[in-house]
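A short worksheet on the structure shown next.
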Amino acid sequence: MAASLKMLALRHCVRSFTSTHATCAGKKWRLENGLSWTGSEYGPMTDLPDWSYADGRPAPLLKGQVRRRKQREVFARRAVYLSAEVDQGIDTWMMKKKVKERAKEQLKSSMLKPKGNLLIQKKE
């Protein structure tokens, strides 16, 4: 009895050693089907409430749901800000390009024109 109890205790104390990394079960399938790679990042299992009242009122949001909603809002605001910044940069670049073209045309029009025989030769 004591020997079997000692073997049971030893069996629980032994740790296994492995040199491979852990992989998430179903990761490949989820990625192929356009889902999150861990299964807990987004989707109905994480975004929808766990329960609701019998009269149909929704349950209050959980801490994790509030945190994820806030993170997504911050991300969306940053995306809109960066998009506006890119649009402003493109507009500025286009204005500079037009100013350069105008300056080039003005320089070209203010250059000395050929006179006399050179003008006649160009027309022919």
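The values are calculated or read from the model by the stated rules, or taken from the named source; none is laboratory data. Given the structure is predicted, the values throughout are model-derived calculations rather than measurements. When we count neighbours, we look across all protein chains shown, and the Cβ atoms used for this are built from the backbone with ideal geometry, even at glycine. These accessible areas exclude ligands, DNA and RNA; they are computed on the full protein's heavy atoms, side chains included. Shrake-Rupley method; radii C 1.70, N 1.55, O 1.52, S 1.80 Å.
Here segment 45-93 exposes an accessible surface that is 62 percent carbon and sulfur, computed with a 1.4 Å probe and the other protein chains kept in place.
Heavy atoms of the protein chains alone define the surface here; on that basis segment 59-112 has 99 Å² accessible area per residue at 1.4 Å probe size.
Each label point was placed 7 Å from the Cα along the Cα-to-Cβ direction; for Leu107 and Ser83 their separation is 3.9 nm. Quick one: grab the alpha carbon gyration tensor of segment 28-124, order the square roots of its eigenvalues as a ≥ b ≥ c, and give me rounded if a/c is under 1.5, else prolate or oblate depending on whether a/b is larger than b/c. In terms of gyration-tensor shape, prolate.
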